[in-house]
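Input: a single structure, listed below in structure tokens.
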Amino acid sequence: MALALGAAALAVYFGVRLNGADQLRVSRYTQITHDGHTKFIGGTDGSRIYFTQDLPKGIAEVSVSGGVVAPIPTTLLNPWAGDVSPDGSTLLLISQGGGLGPANSLWSMRLLGGSLRQLANASVATWSPDGEKIAYAITGGDIYVMRSDGTEAHQIASPGVYVKSLAWSPDGGAIRFSKEASCGRCHRMDPIFTSFCQDGEHRPRKGRRMGAGWEILLRGRRPDMGSR
């Protein structure tokens, strides 16, 4: 049930943010899993949902229409499921085998065969719509973009605090994210800003207030990291 509710809430949230349709409402809920175990959604390719589960601990998948939960074997220690590539072939994983914090390592794993490639140290990551690039954030809050093989990484923004989530816009022109700021012993979500990144200038930029959340606008609809 937690997975179904979470998926519905995410769909409504991003629908409102991306389309500005404040009138969107959840019309119905569909329970996808029935084992009663807590799950943390990583991503979906439209036909399968990939997630981290508590019992048994590990990475797993299930059809978007529901059914049997299938574990995904991996040799990584304490893995957490991230985003799945647009073609459904490769899953991003974050290993906390070295402990929480800077030791987090970002990996890509081919779903067919299970081959692994270490990409960077990161706390959260997401694929670009064309599957050629990955945006990721490190524990200190800096946000980077790199090619899907882990090369040509460059910093595009520096929010300065822990980034909780990342999502690339469907047209490839923006990266939306949420960040966490501490206030005594409580935590709150900060309002959104926009950070501009010009082609060939990968300096982190400060942005202007936009509303709830954060957004990085990239110059051009599908910026090429090699262009100038």
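The values are calculated or read from the model by the stated rules, or taken from the named source; none is laboratory data. On a predicted model such as this, the values are computed, not experimentally measured, just so you know. Cβ sites come from the backbone with ideal geometry, for glycine too, and all protein chains shown count toward neighbours.
So for segment 147-154 (the condition being in contact (Cβ under 8 Å) with a residue 40 or more places away in the chain and in contact with an Asp or Glu (Cβ under 7 Å, 6 or more places away or on another chain)), does at least one residue qualify?
Yes, because at least one residue in segment 147-154 is in contact (Cβ under 8 Å) with a residue 40 or more places away in the chain and in contact with an Asp or Glu (Cβ under 7 Å, 6 or more places away or on another chain).
Working carefully through the options Gly97, Gly82, find the one that is over 13 Å from the mean Cα position of the chain (by Cα), outside the structural domain of Arg176 (by TED's automatic domain parsing) and either under 21 Å from Gln53 (Cβ atoms) or free of Cβ contacts under 8 Å to residues at least 24 places away in the same chain (or both). Working first, answer last.
Numbers: Gly82 fails: over 13 Å from the mean Cα position of the chain (by Cα).
The match here is Gly97.
Residues being part of a strand (DSSP E or B), under 15 Å from the mean Cα position of the chain (by Cα) and modelled with pLDDT of 90 or more: count how many of those fall in segment 128-166. Give the derivation first.
The first filter runs over segment 128-166 and keeps only residues part of a strand (DSSP E or B), leaving 133-137, 143-147, 154-157, 163-166.
When the remaining residues are screened for being under 15 Å from the mean Cα position of the chain (by Cα), the result is 133-137, 143-146, 163-166.
In the following step, the residues that additionally are modelled with pLDDT of 90 or more were identified as 133-137, 143-146.
The qualifying residues number 9.
Tell me whether segment 150-169 contains one or more residues that are of a type outside the set (A, V, I, L, M), under 25 Å from Ala60 (Cβ atoms) and crowded, with 21+ Cβ neighbours inside 10 Å.
Looking through segment 150-169, at least one residue is of a type outside the set (A, V, I, L, M), under 25 Å from Ala60 (Cβ atoms) and crowded, with 21+ Cβ neighbours inside 10 Å.
Would you check if there is a residue in segment 60-71 being buried (at least 17 other Cβ atoms within 10 Å of the Cβ) and within 25 Å of Ile138 (Cβ to Cβ)? Spell out how you get there, then give the answer.
Taking segment 60-71 as the starting set, the residues that turn out to be buried (at least 17 other Cβ atoms within 10 Å of the Cβ) are 60-62, 69.
Still in the running and within 25 Å of Ile138 (Cβ to Cβ): none.
There is no residue in segment 60-71 that is buried (at least 17 other Cβ atoms within 10 Å of the Cβ) and within 25 Å of Ile138 (Cβ to Cβ).
Would you say Lys57 is modelled with pLDDT under 90 and either more than 19 Å from Pro129 (Cβ to Cβ) or not basic (Lys, Arg) (or both)? Spell out how you get there, then give the answer.
Values: modelled with pLDDT under 90: yes; either more than 19 Å from Pro129 (Cβ to Cβ) or not basic (Lys, Arg) (or both): yes.
For Lys57, the condition - modelled with pLDDT under 90 and either more than 19 Å from Pro129 (Cβ to Cβ) or not basic (Lys, Arg) (or both) - is met.
Say we look at segment 30-59 and pick out the residues that are among the hydrophobic types (A, V, I, L, M, F, W, C) and buried (at least 17 other Cβ atoms within 10 Å of the Cβ); which of these is nearest to Gln96 (Cα to Cα)? Lay out the reasoning, then the answer.
Looking only at segment 30-59, we keep the residues that are among the hydrophobic types (A, V, I, L, M, F, W, C), and these are 32, 40-41, 49, 51, 55, 59.
Applying the additional criterion that residues be buried (at least 17 other Cβ atoms within 10 Å of the Cβ) yields 32, 49, 51, 59.
Details: Ile32: 27, Ile49: 21, Phe51: 15, Ile59: 13 Å.
Among them, the one singled out is Ile59.
Go through segment 22-50 and give me each residue that's free of Cβ contacts under 8 Å to residues at least 40 places away in the same chain and among the polar types (S, T, N, Q).
Selection gives Gln23, Ser27, Thr30, Gln31, Thr33, Thr38.
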